[in-house]
Amino acid sequence: MIANRIGVTLDQALDAEAAFGDGSAEQQRRVVELVDAGDTAGAKASWAQLEAAVLALHTFRRDWVTATLGDLYREHGVDELSASLVYAGSQPWWQAGMLEEEKVDDPIARVRQWSYMVSVGVFSTIAVTERDDCFVIHHKVCGSCGRQKLDGRYPPWNFPAYLNRCQG
């Protein structure tokens, strides 16, 4: 139902499946081959097709998760919603990525890693400012709740406004 509402095409679904499955290395090689052959237009078109598919998949997953959390919130209230998130956050499958991130000691590498995750990973719009004592990541548009708000998901999709706490 959500895939139909956001307009995910079969081609996009198949492209996204390939991007996250065994075909991702092949798709990346194809773009590199096109660049190496001097076919920048073909490389850009191939990349745009892949990016559109990945964005469609992210949008689908984002809206599916919001719908699921919305149902949990409506059925059981804010305390149970909060408890479910605390429970999920305590699970090894969730913590694994966080623990790996903590191993990165180089601040520049860590900022690059984090910036990549919030910009490329979830389609956020960011800028990074380096100060004498720190780096500041300016999250201009959140790729999840910010894009969801811009996509008009509140209220027509009946997502609880409580779930969209994003200010950007």
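The values are calculated or read from the model by the stated rules, or taken from the named source; none is laboratory data. No experiment lies behind these values; they were computed from the predicted model shown. Please note: Cβ atoms are built from the backbone with ideal geometry, for glycine as well, and neighbour counts cover all protein chains shown. What goes into the accessible areas is simple: the full protein's heavy atoms, side chains included, and nothing from ligands, DNA or RNA. Shrake-Rupley method; radii C 1.70, N 1.55, O 1.52, S 1.80 Å.
Explain nothing, just the number: dipole magnitude of region 110-158 about its Cα centre with +1 on each Lys and Arg Cβ and -1 on each Asp and Glu Cβ, in debye rounded to the nearest 20. Walk me through the numbers on the way to the answer.
Values: 7 positive and 4 negative charges, 41 e Å.
Magnitude of the dipole: close to 200 debye.
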10 Å binning of all Cα-Cα separations within region 18-157, expressed as whole percents from 0 upward: 9, 25, 36, 24, 6, 1
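Take the alpha carbon gyration tensor of region 88-162, find the square roots of its eigenvalues, order them as a ≥ b ≥ c, and report rounded if a/c is under 1.5; if not, report prolate when a/b exceeds b/c, else oblate. Walk me through the intermediate numbers first.
Numbers: a/c = 3.01, a/b = 1.44, b/c = 2.09.
Oblate.
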Given the whole protein assembly as supplied and a 1.4 Å probe, what does the accessible area of His76 come to in Å², nearest 10? 110 Å²
Among residues other than Asp15 whose Cβ falls under 13 Å from its Cβ, what is the net charge (Lys/Arg +1, Asp/Glu -1)? -3
